[in-house]
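The structure under discussion appears below in the form of structure tokens.
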Amino acid sequence: MISAIRGAIGFLTRVPIATTEADWDAFRRLPVTIPLVGTLIGAVAGSVFLLPLPLNTSVVLYLVLLYLISGITHADGLADLGDGAVVHASATDRLAVMGDSQLGVGGTLLLGVTLLALTLGATGVGGTGSGLVSFRLFLAAEVGAKLAMVFIICYGTAAHDGLGSQLLSVNGPKAFGIALIAALPIALYPPPFASGAIFAALLSPLLVALVLLWWANRSLGGATGDVIGATNELGRVVGLHAGVLGWIFL
């Protein structure tokens with residue numbers, strides 16, 4: 001497990017940790033480590049809302065910390081997905097576009113809209129009036145986004161050989177069940193009146209995984225590393241907005 005966690009930290013973050021091929025192999029066979037590392041990312045980035053800072057400042061610091069820790073690998077996957085999504089062609093042609101290193105209009109638009117939605121979602125979560133509630137919602141949304149990645153990994157099939165196929169080829173529904181059980185404690189002992197919001201933030205990213213997996217199977221012939229990365233970025237956004245809606249209505 002320790003080796004798998006090292007591999008997960010190396011894959012999901014920019015934390016300077018030495019990893020080996022054995023760590024990578026252990027990680028890809030234990031996707032439960034993905035939401036565990038998501039807990040670390042969410043806790044560090046969301047901790048700014050525990051400080052007595054203006055809301056706008058907290059949102060900016062959250063975004064900076066988030067991408068300083070996690071890097072832009074998954075955002076790059078989101079951009080590639082955006083480029084592939086706007087191509088009206090065969091799965092082979094879409095995959096070729098997604099593999100092109102140049103950023104197109106579709107990727108630019110999807111990145112911009114997602115960043116805007118993330119900023120607005122963070123502002124909404126930070127506006128709950130309670131630093132503890134905000135922190136728990138950021139934590140739940142991050143873990144939920146990572147759980148959505150695990151869903152793709154465990155239920156998807158690889159569209160082609162690549163980095164993503166190394167994850168998709170060795171896991172199944174049982175591994176997702178283990179990851180789900182590992183993620184659920186994030187929702188335990190919620191602040192008053194926040195239980196519904198926290199569960200919404202944690203579980204709503206799975207809807208993103210369902211939609212993207214359906215689209216990937218239909219349009220690409222299966223999932224890819226870009227689909228996994230995009231699931232993380234979009235899942236986080238949906239989790240934050242679902243948390244805000246849950247706080248208001250549940």
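Laid out as a table, the results:
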{"item": "Ordering of 111-117, 31-37 by packing [mean C-beta count within 10 Å, highest first]", "result": "31-37, 111-117"}
{"item": "Using a Förster distance of 22 Å, the FRET efficiency for L55-L116 (Cβ separation, nearest 0.05)", "result": "0.85"}
{"item": "Shape call, region 167-250: gyration tensor on alpha carbons, a/c limit 1.5", "result": "oblate"}
{"item": "Sites L188 and I2, calculated FRET efficiency, Cβ-Cβ separation with R0 35 Å, nearest 0.05", "result": "0.90"}
{"item": "Unit Cα scatterers, Debye sum, the chain: log10 I(q)/I(0) for q = 0.17, 0.18 Å⁻¹", "result": "-1.27, -1.39"}
{"item": "Theoretical ellipticity at 222 nm over the chain - DSSP helices of four or more residues, -39500 (n - 2.57) apiece, nearest 500", "result": "-24000 deg cm²/dmol"}
{"item": "Kirkwood estimate for region 24-125, i.e. one over the average of 1/r between Cα atoms, Å", "result": "15.7"}
{"item": "For the chain, built as a Gaussian network whose Cα springs stay under 10 Å, the top-fluctuating residue of L66, L132, L188", "result": "L188"}
{"item": "Theoretical gain in end-to-end length, V15 to W214 [0.36 nm per residue, Cα-Cα removed]", "result": "68.4 nm"}
{"item": "Under 12 Å, Cβ to Cβ, from L180 - net charge with Lys/Arg +1 and Asp/Glu -1", "result": "+2"}
{"item": "For the chain, built as a Gaussian network whose Cα springs stay under 10 Å, the top-fluctuating residue of E233, E142, E21", "result": "E21"}
{"item": "Residues with amide H under 5 Å from that of A223, placed H, sequence gap 5 or more", "result": "T157, A158, A159"}
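Taken together, the values in this text are just the output of simple stated rules run on the coordinates, not laboratory data. Just so you know, these numbers come straight off a predicted model, no measurement behind them. Every residue, glycine among them, receives a Cβ derived from its backbone with ideal geometry; neighbour counts consider all protein chains shown.
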